[in-house]
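One structure below.
The values are calculated or read from the model by the stated rules, or taken from the named source; none is laboratory data. Predicted model, so just to flag it, every value in this text is computed and none were measured. Cβ: placed from backbone, ideal geometry, glycine included. Neighbour counts: every protein chain shown.
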Amino acid sequence: MVQEVRPRLAALERAVFFGTPEWEEIAAGGPVDEVRAVMERLDFDDPINIQYTSGTTGFPKGATLSHHNLLNNAHFTAQLLAYTERDRVCVPVPLYHCFGMVLGNLACTTRGSCIVYPADTFEPEATLTACQDERCTSLYGVPTMFIAELGHPEFARFDLGSLRTGIMAGSPCPIEVMRRVNAEMGIEQISIAFGQTETSPVSTFVRVDDTLEHRCETVGQVMPHTEIKVVDPASGRIVPRGEPGEFCARGYLVMRGYWNDPERTAEAIDPAGWMHSGDLATMDADGYVRVVGRIKDMVIRGGENIYPREVEEFLHGHPDIADVQVIGVPDERYGEELMAWVILRAGARLGEEEVRDYCRGKIAHFKVPRYVKFTDSFPMTVTGKVQKFRMREMAIEELGLERAAAIATA
């Protein structure tokens, strides 16, 4: 069947439509028979995908995932979102990432839900248009995508009344952004999916019937058929409820290992099968998890431990700040100092000292950023995750901190 295609799809060579003679011809044999023959030789624990991590630390690794990993995670995600064949899911996230591949394509397939792809790469206006025109019931995105959609100059003209749910994931989800998605986009059942590529990817999930507080301020509770714990990174012992420690998960969702890298696999998965995430989290008495930072992101200033996530959440409350990332930069006196990278809302004007004044007296003095940088964007991975290691490298060069960075520490 020959179909006219738009210029942006000029590279498309063939389109097959269900219910046409061409589809019936393919379904009757040929490649399908070959696929079925291969299926007979497969086991559900066989690797199906080598999924490379996003490289937020600079070193992508090939997480080897099985049929069992991916299909179960997709099934439970769709179940928790209450998807049916009547749902229409807007998927602006990359399909080569677990977010788009598992929570998008596979989850929708398990329920017969319609999948809507707004554009070949993320565009805020294309996403909002797709949600409106296709009457989408669910919207996916990493926080930076939702921030861009909320910040679109014509956001108010889009009719998003069909949206009931969605997933924010892929990076720490600011509480203020979650509340805005709920209030301004009308997505009352917005969920957070928390995990990592190595866990296929979701370990905890916010349920659609959770309270607003739980949906906006936690990453939910454990996924079905999964175990989680929070441990002291040094001793490996489980910490008391409410105390921060490293988040770990165990179960069907844990990868087989890093491709051809047994050393890194052993560093990530302990002998008891627990996947160590590197994320710092707390768990309350009801099993709700809150992510407070990354072990490697923690800034130590003059002996004080600072979690950048806490400062970011505070600064997100400023009416003129659209997005913010906080990092540690070298300092000869204190070892490290805080630096805030700030993206302002459209038309807003703000100075460095005004940012610091907003913090003074409201958060501890050592958490007030010494450096403030205004920017239009952050260095990102292709999947929309912020690369803090690149921000640190750029800051060292821009601020002339090479001498402090060269100081050796024990």
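Val329: in a helix (DSSP H, G or I), in contact (Cβ under 8 Å) with a residue 12 or more places away in the chain and not polar (S, T, N, Q), yes or no? It is false that Val329 is in a helix (DSSP H, G or I), in contact (Cβ under 8 Å) with a residue 12 or more places away in the chain and not polar (S, T, N, Q). Candidates Asp376, Asp357: the one that is without any contact (Cβ under 8 Å) to a residue 12 or more places away in the chain and within 23 Å of Arg309 (Cβ to Cβ) is Asp357.
Checked against (1) assigned by TED's automatic domain parsing to the domain that holds Thr199; (2) surrounded by 15 or more Cβ atoms within 10 Å (Cβ to Cβ); (3) of a type in the set (A, V, I, L, M), Ala322 passes all but condition (1).
With Ile269, Ile295 as the choices, which residue is touching a strand residue (DSSP E or B) at 6+ places or on another chain (Cβ under 8 Å), under 20 Å from Asp331 (Cα atoms) and not basic (Lys, Arg)? Going through Ile269, Ile295 in turn, the sole match is Ile295.
Taken over region 160-181, the criterion of being at pLDDT below 95 and polar (S, T, N, Q) is satisfied by Ser171 alone. Out of region 236-278, which residues are among the acidic types (Asp, Glu) and closer than 16 Å to Thr197 by Cβ? Scanning region 236-278 gives Asp261, Glu267. The listed residues are Tyr307, Tyr358, and the only one of them that is under 24 Å from the mean Cα position of the chain (by Cα) and aromatic (Phe, Trp, Tyr) turns out to be Tyr307. Selection within region 186-200: residues that are out of contact with any helix residue (DSSP H, G or I) (no Cβ under 6 Å at 6 or more places or on another chain) and of a type in the set (S, T, N, Q). The member of this set that is nearest to Glu176 (Cα to Cα) is Ser191. Answer with yes or no whether Phe389 is surrounded by 15 or more Cβ atoms within 10 Å (Cβ to Cβ) and touching a Lys or Arg at 6+ places or on another chain (Cβ under 6 Å). Criteria not met by Phe389.
Among the residues of region 257-269, is there at least one that is farther than 20 Å from Asn69 by Cβ, free of Cβ contacts under 8 Å to residues at least 24 places away in the same chain and not assigned by TED's automatic domain parsing to the domain that holds Arg309? Within region 257-269, one or more residues are farther than 20 Å from Asn69 by Cβ, free of Cβ contacts under 8 Å to residues at least 24 places away in the same chain and not assigned by TED's automatic domain parsing to the domain that holds Arg309.
Restricting the search to region 362-377, which residues are surrounded by fewer than 18 Cβ atoms within 10 Å (Cβ to Cβ) and hydrophobic (A, V, I, L, M, F, W, C)? Once the filter is applied, which keeps residues that are surrounded by fewer than 18 Cβ atoms within 10 Å (Cβ to Cβ) and hydrophobic (A, V, I, L, M, F, W, C), region 362-377 yields Ile363, Ala364, Phe366, Phe374.
Could you tell me whether any residue of region 337-356 is out of contact with any strand residue (DSSP E or B) (no Cβ under 6 Å at 6 or more places or on another chain), aromatic (Phe, Trp, Tyr) and assigned by TED's automatic domain parsing to the domain that holds Ile306? No, there is no match, as no residue in region 337-356 is out of contact with any strand residue (DSSP E or B) (no Cβ under 6 Å at 6 or more places or on another chain), aromatic (Phe, Trp, Tyr) and assigned by TED's automatic domain parsing to the domain that holds Ile306.
Filtering region 252-280 to residues that are surrounded by 20 or more Cβ atoms within 10 Å (Cβ to Cβ) and either among the aliphatic types (A, V, I, L, M) or assigned to a helix (DSSP H, G or I) (or both) leaves Leu253, Val254, Met255, Ala268, Ile269, Met275, Leu280.
Restricting region 285-305 to residues that are modelled with pLDDT of 90 or more and closer than 16 Å to Asp232 by Cα leaves a set whose member that is surrounded by the fewest Cβ atoms within 10 Å (Cβ to Cβ) is Arg290. Exactly one residue out of Pro240, Pro262, Pro233 is under 22 Å from Asp46 (Cα atoms) and not aromatic (Phe, Trp, Tyr), and it is Pro262.
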